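Enquirer: Below is one structure. I have some questions about it.
The values are calculated or read from the model by the stated rules, or taken from the named source; none is laboratory data. The model shown is predicted, which means the values in this text are computed figures rather than measured ones. All Cβ positions, glycine included, derive from the backbone under ideal geometry; neighbour counts span all protein chains shown.
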Amino acid sequence: MHAGPPRPYPDPSAPSAPPAPVTVLGLGPMGRALASAFLAAGHPVTVWNRTPGRAGDLPDRGAAVAGSVADAVGAGRVVVACLRDYDAVRAVLEPVAPTRWEGRLLTNLTSGEPARARSMAHWATAHGIRYLDGAILTPTQVVGTAATAVLYSGAHEVHEAVRDTMAAVGGTGTYLGADPGRAAAYEVALLDLFTTSVYGVAHSFALASAEGIAPDDLAPFAIGISGLLSEMIPRFAGQLRTGDYPGERSTIASAATTIAHLIDAATAHGLEVGALTAAKGAADRAVAAGHGPDGLPRLATVLRTGKPAG
Ligand SMILES: NC(=O)c1ccc[n+]([C@@H]2O[C@H](COP(=O)([O-])OP(=O)(O)OC[C@H]3O[C@@H](n4cnc5c(N)ncnc54)[C@H](OP(=O)(O)O)[C@@H]3O)[C@@H](O)[C@H]2O)c1
């Protein structure tokens, strides 16, 4: 199903029920930011972390530090898990007796693969735990502000039940439907973009440095490339929707030649070229399939169906 439009959280100044007790499991940078936001919104907060002593200033600000996961779960109405990965969530939650969850709701904001989110939801449901999956799309420093973006998916009734509490995280929460893996699916697609982009930025600075270009001299031009991407993303989406890939701006055949130049330039300086070789492979497969004159959005269909270059 398609995501509905993002819904701003309710007006926090509107009269409402007293803030629900919240438990945060995990006190890495994101768990601490979440606990801080719940405290700032007036929720009674209990925190737990595998390694003691990571609560920072949260106890001074009123957070209770639980001595066990079971006590932490018991203290919250909404339990928010934010751990390294789904294996950690399972390891932490499996020893907790199902009876501890009576009257409680679990929102798991841990990152992971969609399949793991679905199996986590299945496990939670089998143990009588009312479960919602979620993905935080924004960095720790904006949690609790209007800039936060969080995706949720899973049981609709659980989303409705935690929605007012999760408003403390700030910004926009988007509910993506009943499939618990949907939020993680969006997250992995967006992390794919983020990760390859960050790698591209680092590789670009490395190649510039090898050519004797100072980082500050490259930066203004690199910012221009990021502006191009903002324009390209909705254009790609539109062409992928219609299946029409006009090559009047640039073609895949031309891009394949450009990438070959890049690989030669990087190789000459001893830089790794794995990502560039993968990009060249995709462009070459598109050309071999007769898509050389097409625009670049066509590459997404080649990546979706194509085999890695051998
Ligand atoms: N940081 C961000 O900007 C950001 C943004 C969006 C999403 N996220 C997601 O939020 C989640 C948490 O991220 P984070 O930045 O807070 O740091 P993190 O390093 O990914 O996670 C740290 C937390 O996981 C716990 N942990 C790790 N392995 C564990 C295990 N086997 N059993 C129990 N606890 C375990 C750590 O406990 P110990 O202290 O005991 O090691 C700590 O509480 C991740 O899934 C991350 O992808 C983070």
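Enquirer: Which residue, of Val78, Val96, Val73, is touching a Lys or Arg at 6+ places or on another chain (Cβ under 7 Å) and among the β-branched types (Val, Ile, Thr)? Step through it out loud before you land on a result.
Expert: Values: Val78 fails: touching a Lys or Arg at 6+ places or on another chain (Cβ under 7 Å); Val96 fails: touching a Lys or Arg at 6+ places or on another chain (Cβ under 7 Å).
The match here is Val73.
Enquirer: Continuing with the same structure: Say whether the condition of being over 18 Å from Gly112 (Cα atoms) and within 18 Å of the chain's Cα centre (by Cα) is met by at least one residue in the stretch 150-166.
Expert: There is at least one residue in the stretch 150-166 that is over 18 Å from Gly112 (Cα atoms) and within 18 Å of the chain's Cα centre (by Cα).
Enquirer: Additional query: Mind checking whether some residue in the stretch 50-60 is under 27 Å from the mean Cα position of the chain (by Cα), touching a residue at least 24 places away in the same chain (Cβ under 8 Å) and more than 13 Å from the ligand (Cβ to nearest atom)?
Expert: Among the residues of the stretch 50-60, not one is under 27 Å from the mean Cα position of the chain (by Cα), touching a residue at least 24 places away in the same chain (Cβ under 8 Å) and more than 13 Å from the ligand (Cβ to nearest atom), which makes the answer no.
Enquirer: Please enumerate the residues belonging to the stretch 95-129 that are charged (D, E, K, R), within 12 Å of the ligand (Cβ to nearest atom) and part of a helix (DSSP H, G or I). Even if it seems obvious, please write down each step before you answer.
Expert: Initial filter on the stretch 95-129 (charged (D, E, K, R)): 100, 102, 104, 113, 116, 118.
From the residues that got through so far, the ones that are within 12 Å of the ligand (Cβ to nearest atom) too are 113, 116.
Hit for the stretch 95-129 is Arg116, nothing else.
Enquirer: Does the stretch 193-247 hold any residues that are among the charged types (D, E, K, R) and outside any loop (DSSP other than H, G, I, E, B), and which are they?
Expert: First, the residues of the stretch 193-247 that are among the charged types (D, E, K, R): 211, 216-217, 231, 235, 241, 244.
Correct list: Asp216, Asp217, Glu231, Arg235, Arg241.
Enquirer: What about Glu157, is it of a type in the set (D, E, K, R) and either touching a strand residue (DSSP E or B) at 6+ places or on another chain (Cβ under 6 Å) or in a loop (DSSP other than H, G, I, E, B) (or both)? Even if it seems obvious, please write down each step before you answer.
Expert: Details: of a type in the set (D, E, K, R): yes; either touching a strand residue (DSSP E or B) at 6+ places or on another chain (Cβ under 6 Å) or in a loop (DSSP other than H, G, I, E, B) (or both): no.
It is false that Glu157 is of a type in the set (D, E, K, R) and either touching a strand residue (DSSP E or B) at 6+ places or on another chain (Cβ under 6 Å) or in a loop (DSSP other than H, G, I, E, B) (or both).
Here's the yes/no breakdown for (1) in the same structural domain as Pro21 (by TED's automatic domain parsing); (2) more than 9 Å from the ligand (Cβ to nearest atom); (3) of a type in the set (D, E, K, R):
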{"residue": "Leu34", "(1), (2), (3)": "yes, no, no"}
{"residue": "Pro44", "(1), (2), (3)": "yes, yes, no"}
{"residue": "Ala64", "(1), (2), (3)": "yes, yes, no"}
{"residue": "Gly67", "(1), (2), (3)": "yes, yes, no"}
{"residue": "Gly74", "(1), (2), (3)": "yes, yes, no"}
{"residue": "Arg84", "(1), (2), (3)": "yes, no, yes"}
{"residue": "Leu93", "(1), (2), (3)": "yes, yes, no"}
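Enquirer: Something else: Those residues that are touching a residue at least 24 places away in the same chain (Cβ under 8 Å) and surrounded by 11 or more Cβ atoms within 10 Å (Cβ to Cβ), I need them from the stretch 233-249; list them, please. Walk me through it before giving the result.
Expert: Filtering the stretch 233-249 for residues touching a residue at least 24 places away in the same chain (Cβ under 8 Å) gives 235-236, 239-240, 245-249.
Within the stretch 233-249, Arg235, Phe236, Gln239, Leu240, Tyr245, Pro246, Gly247 qualify.
Listed here are the residues, each with its yes/no results for (1) modelled with pLDDT under 95; (2) of a type in the set (A, V, I, L, M); (3) surrounded by 22 or more Cβ atoms within 10 Å (Cβ to Cβ).
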site: Arg7; (1), (2), (3): yes, no, no
site: Ala17; (1), (2), (3): yes, yes, no
site: Gly31; (1), (2), (3): no, no, yes
site: Ala41; (1), (2), (3): no, yes, no
site: Val80; (1), (2), (3): no, yes, yes
